[in-house]
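Peer 1: Mind looking over this structure? Questions follow.
The values are calculated or read from the model by the stated rules, or taken from the named source; none is laboratory data. Since we're looking at a predicted model, the values are computed, not measured. Here the Cβ is made from the backbone with ideal geometry for all residues, glycine too, and neighbour counts use every protein chain on show.
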Amino acid sequence: MAEKFDLNEREVWDGNYAASQALRQAQVDVVAAYPITPSTPIVENYGAYVANGYIDGEFVMVESEHAAMSGCVGASAAGGRVATATSSQGFALMVEVLYQASGMRLPIVLTVVNRALASPLNVRGDHGDMYLGRDSGWIQIDAFNAQEAYDLTLCAFKIGENHDVRLPVMVHQDGFITSHTAQNVYPLSDEKAYGFIGDIVPVDDMLDFSRPVTYGAQTEEDWHFEHKAKQHKALMDSRTVIDDVFAEFEKLTGRKYNRVEGYDMDDAEVVIVALGTTVETARVAAQELREEGVKAGVVGIRVFRPFPFDQVRDMLENAKSIAVLDRSSPGGAMGAFFNEVSAALYTTPNRPLITNYIYGLGGRDFSVAEAKRIFLEQKANADAGHITTDIQQFSGLRGPHLGYFQTKRS
Amino acid sequence: MQDLKLKAAEKRGIHQLGGDELVGWDEVTQGIILTSFEGDASDIVHKKAEERNYSDFNSYTATVASWRVKKPVFNIDVCIDCQNCWVWCPDTSIISRDKQMLGIDYDHCKGCEVCVEVCPTNPKSLLMFGEQEDLETALSQWPEKKKKEK
Amino acid sequence: MAITSIKNLKEFSTNNDRFEGAHTLCPGCAHSMIVRELMNCTDDNLVIASNTGCLEVSTAVYPFTSWDTSWIHIGFENAATAVSGAEAMFKARKKKGTLKDNDASVKFVAFGGDGSTYDIGFQWLSGAMERGHDFTYICLDNENYANTGGQRSSATPIGAHTSTAQAGTHSYGKKQKKKDIVAIMAAHDAPYVAQLAPNKWKSMAKGFQKALETEGPCFINTVSPCCTEWKFDPKDTINITDLATDTLMFPIYEIINGHELNILYRPKNVLPVEEYLAAQGRYKHLFKPENKHVIEEIQKNINEYWEMLQRREEARV
């Protein structure tokens with residue numbers, strides 16, 4: 001039996017510590033991990049809990065992130081609860097195995113502390129790694145602060161391990177801004193937290209020798225397509241389970257999560273759509289602008305995958321001008337997030353104006369003033385009835401203005 | 001006549017590899033996981049093939065007989081049950097029970113001829129014949145014991 | 001631990017195979033001889049992981065599996081890690097009592113070809129060996145990337161022709177010597193490391209059993225003649241293996257606790273390496289006059305290595 005860990009009703013935790021406490025309360029059986037800044041403390045803390053008897057689990061320190069996820073796949077197929085953490089280059093090294101984990105429908109929880117991808121090498125937060133996972137078949141949940149990193153990691157186990165889902169889940173938080181910033185966190189008691197998640201009930205357990213199973217078979221053109229289609233269907237169908245888990249969590253804690261979070265959206269005319277801590281910055285800007293009479297609102301995507309296409313549309317269709325903020329180098333295209341939100345809005349009768357801002361790469365600070373400027377540009381668009389700026393702009397960049405494409409109006 | 005389904009469980013070799021019969025939507029298992037047996041298989045290691053309840057996913061239920069152009073034929077009268085053929089058969093196609101060589105599983109034999117090569121008897125207890133040759137004709141053509149050349 | 005009798009072949013043959021036919025390995029492939037022997041050596045429950053390679057692509061092509069025990073394949077490089085994870089989970093669940101059968105005796109095994117063992121999965125293997133998981137890694141060494149059509153690996157011997165180390169008017173095939181994987185694994189201070197061959201079924205079965213019984217990470221390199229890429233008749237798989245062991249091209253030995261070396265097979269008549277080389281198409285070009293020096297070099301390498309093994313055996317260090 002694991003030792004009791006005393007918690008206060010209110011703790012001061014950073015995002016990493018919050019995530020690691022969720023792993024402890026979930027009594028994760030195996031963590032196979034390789035440390036990388038800024039997610040290192042999550043697995044260090046797990047190791048400390050094991051070393052001091054707070055978890056009855058196995059901490060397997062492997063020799064690379066590829067091996068970390070490989071070990072997690074082997075452990076998860078062996079029927080217990082599995083989690084790990086990574087960032088950036090480590091995430092990139094894991095990518096091969098991310099696809100294999102989801103293809104085998106293994107409910108591994110990966111806490112991703114978002115960080116830019118090299119080159120140039122950079123340890124600060126942007127969403128390059130998060131975007132790299134977007135086609136990997138994982139559920140991707142995004143936490144905007146330490147409390148959410150804790151809450152959503154607990155939820156992740158319950159979602160992924162649900163037998164109607166059986167998919168791996170990533171819980172993202174922003175490198176340093178969330179992971180290393182101490183904030184108030186209200187944890188659940190160990191009993192309450194574990195009671196919420198429940199025991200893992202294995203499926204196709206490699207250690208159940210009354211029913212030998214083969215994992216990782218090959219499929220060619222005669223089977224592969226149906227298999228991937230079923231996997232996509234499982235992701236799409238997980239939406240209702242995610243909603244149910246969030247509802248149950250609200251009953252337990254009073255903290256309500258939604259796949260798409262809207263702030264001041266009831267009458268919003270100009271909107272920022274964003275991921276991560278930027279959502280909180282934009283909220284402050286929106287509130288200040290509202291005092292000046294600008295009807296500003298903010299939409300944060302809580303569940304990045306499965307992408308809430310219909311909810312994004314419903315939330316935004318009555319806005320006039322929308323800025324979609326991509327914190328990832330777009331590599332010769334519009335921002336990927338912009339493209340997804342635009343596609344959702346294209347299916348509305350109003351088709352609000354929508355522009356794309358590339359910002360905050362490599363941890364470049366995103367300030368309230370910058371958010372306000374973006375809102376005011378939307379206001380100008382709304383007033384003019386058309387986009388007055390380049391459709392894609394780099395925001396917060398030194399040097400000359402960098403932007404691309406204008407609306408075709410004749 | 002030698003029984004070609006010798007010691008076969010009911011489902012041995014009933015499926016063609018890559019055959020269409022299983023293709024569908026409902027047969028796509030979650031996570032592409034394959035189960036080897038139906039029901040409780042706890043003690044499978046102590047059960048002979050014909051006592052096992054193989055699932056349709058087990059390759060035991062599939063056949064590679066079409067790979068062969070020649071087949072090994074077994075002559076029980078010459079065999080000394082040394083089990084060389086059993087240990088070196090790459091296709092689990094030598095049927096040995098209670099230390100006795102009984103014959104060949106023609107659903108899984110690919111005709112590689114290793115069993116013939118490793119057979120130490122004189123004449124050999126296993127020889128290759130055309131795929132269409134029947135057992136009686138094959139046995140009637142069995143060579144005599146060779147004298148050692150000096 | 002439940003090991004099965006290997007007193008003689010008759011006893012051994014009473015085992016019930018857990019590796020089924022209608023896999024799609026080439027006729028005469030030694031891989032399945034080795035896998036069958038491993039699985040027949042023990043009555044224990046097995047969790048087996050395979051790297052990508054001939055064995056994997058031939059034994060689990062949907063909708064069929066040839067494995068009668070738990071089996072997992074993830075990628076080319078990570079079978080040792082997959083089995084590490086499963087072994088860690090076994091320990092964790094045993095502690096918690098959440099296994100279906102908490103008293104079950106379980107052995108963890110990983111298979112890889114020489115491509116995944118010597119090359120692409122080398123780091124993953126080294127990591128798992130260093131961490132000390134209780135598992136046995138078996139390399140099915142056919143000295144080339146056979147699954148992708150016969151490219152060179154770092155296990156390909158000098159002088160062999162492969163599609164990426166070709167013999168031609170200006171080349172005698174691969175220029176580099178084979179990597180000594182057994183020495184590298186022994187240097188991990190593994191409790192049991194061996195090099196074995198399927199023609200010597202008994203020493204192979206004994207080695208397998210020792211590895212399974214030994215707690216900690218064990219490594220076994222097995223020679224697995226490849227009729228397709230070595231270019232010989234499938235019926236000759238065991239004959240070629242005999243030549244490999246009798247020319248000492250592939251000596252059979254074990255190393256215990258990283259230093260105690262035992263030679264497991266001493267040929268009564270050591271054959272010249274030409275006999276082994278001449279039996280395979282991949283060495284055909286070495287018999288041209290201009291390549292004679294390569295055969296001489298191979299023979300010299302063999303002699304020196306055999307000498308080294310014997311000295312180490314004597315020295316017991």
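Peer 1: Criterion first (within 26 Å of A:Val82 (Cα to Cα), among the aliphatic types (A, V, I, L, M), in contact with a His (Cβ under 9 Å, 6 or more places away or on another chain) and surrounded by 24 or more Cβ atoms within 10 Å (Cβ to Cβ)) does C:Ala79 satisfy it?
Peer 2: So C:Ala79 passes the test.
Peer 1: I'm trying to understand the selection: among the residues of region B:64-116, which are small (Gly, Ala, Ser) and under 24 Å from C:Leu38 (Cα atoms)?
Peer 2: Residues of region B:64-116 small (Gly, Ala, Ser): B:65-66, B:93, B:96, B:103, B:111.
Matches in region B:64-116: B:Ser93, B:Ser96, B:Gly103, B:Gly111.
Peer 1: Output the number of the condition that C:Leu140 fails; it satisfies all remaining conditions of (1) more than 10 Å from chain A (Cβ to nearest Cβ); (2) within 21 Å of A:Pro212 (Cβ to Cβ); (3) touching a His at 6+ places or on another chain (Cβ under 7 Å).
Peer 2: (2)
Peer 1: Restrict the check to region A:155-172 and report whether at least one residue is more than 10 Å from every other protein chain (Cβ to nearest Cβ), of a type in the set (D, E, K, R) and in contact with a Pro (Cβ under 9 Å, 6 or more places away or on another chain).
Peer 2: Step one: of region A:155-172, the residues more than 10 Å from every other protein chain (Cβ to nearest Cβ) are A:155-162, A:164-165, A:168-172.
When the remaining residues are screened for being of a type in the set (D, E, K, R), the result is A:158, A:161, A:164.
Then keep just the ones that are in contact with a Pro (Cβ under 9 Å, 6 or more places away or on another chain); that gives A:161.
Yes, region A:155-172 has at least one match.
Peer 1: Further question on the same structure: Quick one: which helices (runs of 4 or more DSSP H) lie wholly within region B:73-150 and hold at least 1 residues that are more than 14 Å from chain C (Cβ to nearest Cβ) and either at pLDDT 95 or above or over 30 Å from C:Thr24 (Cβ atoms) (or both)?
Peer 2: Once the helices (runs of 4 or more DSSP H) in region B:73-150 are filtered for at least 1 residues that are more than 14 Å from chain C (Cβ to nearest Cβ) and either at pLDDT 95 or above or over 30 Å from C:Thr24 (Cβ atoms) (or both), what remains is B:135-140.
Peer 1: Return the only residue of C:Ser84, C:Ser105, C:Ser126 being at pLDDT below 95, under 21 Å from C:Tyr192 (Cα atoms) and hydroxyl-bearing (Ser, Thr, Tyr).
Peer 2: Exactly one of C:Ser84, C:Ser105, C:Ser126 is at pLDDT below 95, under 21 Å from C:Tyr192 (Cα atoms) and hydroxyl-bearing (Ser, Thr, Tyr), namely C:Ser105.
Peer 1: Would a scan of region C:2-16 turn up a residue that is within 8 Å of chain B (Cβ to nearest Cβ) and at positive phi?
Peer 2: Within region C:2-16 (the criterion being within 8 Å of chain B (Cβ to nearest Cβ) and at positive phi), the answer is no, since none of the residues qualifies.
Peer 1: Any residue at all in region C:226-234 that is touching a Pro at 6+ places or on another chain (Cβ under 9 Å), within 14 Å of chain B (Cβ to nearest Cβ) and either within 28 Å of C:Met129 (Cα to Cα) or of a type in the set (A, V, I, L, M, F, W, C) (or both)?
Peer 2: Within region C:226-234, one or more residues are touching a Pro at 6+ places or on another chain (Cβ under 9 Å), within 14 Å of chain B (Cβ to nearest Cβ) and either within 28 Å of C:Met129 (Cα to Cα) or of a type in the set (A, V, I, L, M, F, W, C) (or both).
Peer 1: Inspect all residues belonging to region C:68-79 and state whether any of them is among the acidic types (Asp, Glu), within 11 Å of chain A (Cβ to nearest Cβ) and not in a helix (DSSP H, G or I).
Peer 2: Yes, region C:68-79 contains at least one residue that is among the acidic types (Asp, Glu), within 11 Å of chain A (Cβ to nearest Cβ) and not in a helix (DSSP H, G or I).
Peer 1: Now for a different question. So, in region C:49-61, how many residues would count as being buried (at least 24 other Cβ atoms within 10 Å of the Cβ) and either modelled with pLDDT under 95 or among the hydrophobic types (A, V, I, L, M, F, W, C) (or both)?
Peer 2: The qualifying residues number 4.
Peer 1: State yes or no: is B:Ser140 surrounded by fewer than 21 Cβ atoms within 10 Å (Cβ to Cβ) and polar (S, T, N, Q)?
Peer 2: yes
Peer 1: Would you point out which residue out of B:Phe37, B:Phe129, B:Phe57 is touching a helix residue (DSSP H, G or I) at 6+ places or on another chain (Cβ under 7 Å), within 30 Å of A:Tyr99 (Cβ to Cβ) and of a type outside the set (Gly, Ala, Ser)? Full working, then the answer.
Peer 2: Numbers: B:Phe129 fails: within 30 Å of A:Tyr99 (Cβ to Cβ); B:Phe57 fails: touching a helix residue (DSSP H, G or I) at 6+ places or on another chain (Cβ under 7 Å).
Testing whether each residue is touching a helix residue (DSSP H, G or I) at 6+ places or on another chain (Cβ under 7 Å), within 30 Å of A:Tyr99 (Cβ to Cβ) and of a type outside the set (Gly, Ala, Ser) leaves just B:Phe37.
Peer 1: Turning to a different aspect of this structure: Only one of C:Thr214, C:Thr228, C:Thr222 is buried (at least 24 other Cβ atoms within 10 Å of the Cβ) and out of contact with any Ser or Thr (no Cβ under 7 Å at 6 or more places or on another chain). Can you tell me which?
Peer 2: Checking each option against the conditions leaves just C:Thr222.
Peer 1: Could you check C:Gly28 against (1) part of a loop (DSSP other than H, G, I, E, B); (2) closer than 17 Å to C:Trp71 by Cα; (3) within 18 Å of the chain's Cα centre (by Cα) and say which number it fails?
Peer 2: If we test C:Gly28 against (1) part of a loop (DSSP other than H, G, I, E, B); (2) closer than 17 Å to C:Trp71 by Cα; (3) within 18 Å of the chain's Cα centre (by Cα), just (2) comes out false.
Peer 1: I've got another one for you. For residues in region A:80-92 being among the small types (Gly, Ala, Ser), in contact with an Asp or Glu (Cβ under 6 Å, 6 or more places away or on another chain) and within 20 Å of A:Val113 (Cα to Cα), which is nearest to the other protein chains (Cβ to nearest Cβ)?
Peer 2: A:Gly90
Peer 1: Continuing with this model, one more query. In region C:92-102, which residues are surrounded by fewer than 17 Cβ atoms within 10 Å (Cβ to Cβ) and either among the acidic types (Asp, Glu) or not in a helix (DSSP H, G or I) (or both)?
Peer 2: Across region C:92-102, the qualifying residues are C:Gly97, C:Lys100, C:Asp101, C:Asn102.
Peer 1: Consider region A:164-198. How many of its residues are farther than 18 Å from A:Gly133 by Cβ, out of contact with any strand residue (DSSP E or B) (no Cβ under 7 Å at 6 or more places or on another chain), of a type in the set (A, V, I, L, M, F, W, C) and in a loop (DSSP other than H, G, I, E, B)?
Peer 2: Here the count works out to 3.
Peer 1: Identify, by number, the condition in (1) under 13 Å from A:Ala32 (Cβ atoms); (2) more than 10 Å from every other protein chain (Cβ to nearest Cβ); (3) hydrophobic (A, V, I, L, M, F, W, C) that A:Leu98 doesn't meet.
Peer 2: Single failed check for A:Leu98: (1).
Peer 1: Now for a separate question. For residues in region C:99-137 being small (Gly, Ala, Ser) and more than 12 Å from chain A (Cβ to nearest Cβ), which is nearest to A:Gly80 (Cα to Cα)?
Peer 2: The qualifying residue nearest to A:Gly80 (Cα to Cα) is C:Gly112.
Peer 1: What number of residues in region A:214-236 are buried (at least 20 other Cβ atoms within 10 Å of the Cβ), touching a residue at least 12 places away in the same chain (Cβ under 8 Å) and hydrophobic (A, V, I, L, M, F, W, C)?
Peer 2: Number of matching residues: 1.
Peer 1: Report yes if C:Phe90 is over 18 Å from the mean Cα position of the chain (by Cα), over 23 Å from B:Tyr60 (Cβ atoms) and among the aromatic types (Phe, Trp, Tyr), otherwise no.
Peer 2: It is true that C:Phe90 is over 18 Å from the mean Cα position of the chain (by Cα), over 23 Å from B:Tyr60 (Cβ atoms) and among the aromatic types (Phe, Trp, Tyr).
Peer 1: Would you check if B:Gly31 is in a loop (DSSP other than H, G, I, E, B), out of contact with any Ser or Thr (no Cβ under 8 Å at 6 or more places or on another chain) and small (Gly, Ala, Ser)?
Peer 2: No.
Peer 1: When you scan region A:204-215, do you find a residue that is in a helix (DSSP H, G or I), at pLDDT 95 or above and either in contact with a Leu (Cβ under 8 Å, 6 or more places away or on another chain) or more than 9 Å from chain C (Cβ to nearest Cβ) (or both), even just one?
Peer 2: Our first condition is that a residue be in a helix (DSSP H, G or I); within region A:204-215, this holds for none.
For region A:204-215, residues in a helix (DSSP H, G or I), at pLDDT 95 or above and either in contact with a Leu (Cβ under 8 Å, 6 or more places away or on another chain) or more than 9 Å from chain C (Cβ to nearest Cβ) (or both): absent.
Peer 1: Strands (runs of 3 or more DSSP E) wholly in region C:103-209 with at least 2 residues that are free of Cβ contacts under 8 Å to residues at least 60 places away in the same chain - which ones? Before the answer, list the steps.
Peer 2: Numbers: elements: C:106-113, C:136-141, C:192-196.
Hits in region C:103-209: none.
Peer 1: Here's a check for you: in region C:235-262, which residue that is in a loop (DSSP other than H, G, I, E, B) and within 24 Å of C:Phe108 (Cβ to Cβ) is nearest to the other protein chains (Cβ to nearest Cβ)?
Peer 2: C:Gly258
Peer 1: To continue, here is another question. Determine which member of the set A:Phe338, A:Phe307 is modelled with pLDDT of 95 or more, closer than 19 Å to A:Asp129 by Cα and in a loop (DSSP other than H, G, I, E, B).
Peer 2: When all the criteria are applied, what remains is A:Phe307.
Peer 1: So is A:Ile387 assigned to a loop (DSSP other than H, G, I, E, B), surrounded by 19 or more Cβ atoms within 10 Å (Cβ to Cβ) and not small (Gly, Ala, Ser) or not?
Peer 2: yes
Peer 1: Please go through (1) among the small types (Gly, Ala, Ser); (2) under 23 Å from C:Asn102 (Cβ atoms); (3) surrounded by 22 or more Cβ atoms within 10 Å (Cβ to Cβ); (4) more than 8 Å from every other protein chain (Cβ to nearest Cβ) for A:Ala77 and return the number of the only condition it doesn't satisfy.
Peer 2: Against the list (1) among the small types (Gly, Ala, Ser); (2) under 23 Å from C:Asn102 (Cβ atoms); (3) surrounded by 22 or more Cβ atoms within 10 Å (Cβ to Cβ); (4) more than 8 Å from every other protein chain (Cβ to nearest Cβ), A:Ala77 comes up short only on (4).
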